[in-house]
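Let me begin by presenting the structure, written as structure tokens, before commenting on it.
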Amino acid sequence: MTGKSISALIVAAGRGSRAGGPIPKQWQPLHGRTVLEHTIDRFTHHPKIDHVLLVINPDDAPLLAQTAAGQTPWVGGADTRAGSVRAGLQALAKMTPRPGYVLIHDGARACTPAPVIDRVIAALQQSNAAAPGLPVTDALWRAQGGHVTGTQPREGLWRAQTPQGFELASILAAHDHPAAAKAADDVELALAAGLEVTLVDGHEENIKITHPEDFIRAERILTSWM
């Protein structure tokens, strides 16, 4: 990894309808700024990140321009998350010099602690792919028709988080895999392409804003950092 630059690719092209509100969640206010501005800050202020690129819906360009992060480079996203990530990766691959590694991050994860980013970057010194996660601690049930039908062992199960780090060439090639269109995230794509992914510890504060109540929790986290 020595000598290879690291770019952060922040994916924020989705509509996030489950979060409610008049505009997509990444553009909604949080702790005096927009959600996406806080997310961008996690990476622009990190000493090992050389470049940040956003993937947004082109219709949202005026919303970005109204923020303090308005000068952050961006490319237009696609109808799917995989398509948006691919658009961002292709743009990074055209840069000169070309980044060696990329950290792919959800635009709605505005509270990612710096040590999580540190651990992903450190793991990339020994691996072409690394991602943070948290072990599942709750009991798991299977259900159908509103009734519990069975249990699911939780041993070996982890909750996925981002940023997910990769050698740029490797993850770009993985996006050519037939599984790309339906993959839930880039770790699933990497595994389908035969890449070994190193697991590092995530953090409970590294939440993804999905529902209205998540804004309250994110506000509390950011306030505690002050």
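Residues in the stretch 119-147 that are touching a residue at least 12 places away in the same chain (Cβ under 8 Å) and not hydrophobic (A, V, I, L, M, F, W, C): ARG119, GLN125, GLN126, SER127, ASN128, PRO132, GLY133, PRO135, THR137, ASP138. If the condition is being out of contact with any Leu (no Cβ under 8 Å at 6 or more places or on another chain), among the hydrophobic types (A, V, I, L, M, F, W, C) and either at pLDDT below 95 or in a strand (DSSP E or B) (or both), then the stretch 12-36 contributes only ALA19. Among the residues making up the stretch 70-126, those that are in a loop (DSSP other than H, G, I, E, B), at pLDDT 95 or above, closer than 25 Å to ALA184 by Cβ and not hydrophobic (A, V, I, L, M, F, W, C) are GLY77, PRO99, GLY107, ARG109, THR112, PRO113.
Residue-wise test of (1) under 19 Å from the mean Cα position of the chain (by Cα); (2) under 20 Å from ASN206 (Cα atoms).
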| position | (1), (2) |
| --- | --- |
| HIS45 | yes, yes |
| LEU63 | no, no |
| ALA93 | yes, no |
| ASP106 | yes, yes |
| ARG109 | yes, yes |
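Taking the stretch 148-188 as the range and being assigned to a loop (DSSP other than H, G, I, E, B), surrounded by 12 or more Cβ atoms within 10 Å (Cβ to Cβ) and without any contact (Cβ under 8 Å) to a residue 24 or more places away in the chain as the test, the residues that pass are ARG154, LEU157, HIS177.
Given HIS51, HIS45, which one is free of Cβ contacts under 8 Å to residues at least 24 places away in the same chain and farther than 15 Å from ALA13 by Cα? Result: HIS45 is the single residue among HIS51, HIS45 that is free of Cβ contacts under 8 Å to residues at least 24 places away in the same chain and farther than 15 Å from ALA13 by Cα. All of (1) more than 27 Å from ILE221 (Cα to Cα); (2) surrounded by 15 or more Cβ atoms within 10 Å (Cβ to Cβ) hold for PRO62 with one exception: (2). Just one of TRP74, TRP27 is aromatic (Phe, Trp, Tyr) and within 20 Å of THR210 (Cα to Cα); which is it? Matching residue, one of TRP74, TRP27: TRP27. When the stretch 193-218 is filtered for residues that are surrounded by 14 or more Cβ atoms within 10 Å (Cβ to Cβ) and more than 19 Å from the chain's Cα centre (by Cα), only ALA193 remains. If you filter the stretch 1-35 down to residues that are of a type in the set (D, E, K, R) and surrounded by fewer than 20 Cβ atoms within 10 Å (Cβ to Cβ), you find that the one that is nearest to LYS48 (Cα to Cα) is LYS4. Summed over the stretch 175-188, the residues that are over 15 Å from GLY107 (Cα atoms) and either among the charged types (D, E, K, R) or modelled with pLDDT of 95 or more (or both) give a count of 4.
The values are calculated or read from the model by the stated rules, or taken from the named source; none is laboratory data. A quick note: this is a predicted structure, and the numbers were derived from the prediction, not measured. No Cβ is skipped: glycine too gets one built from the backbone with ideal geometry, and neighbour counts run over all protein chains shown.
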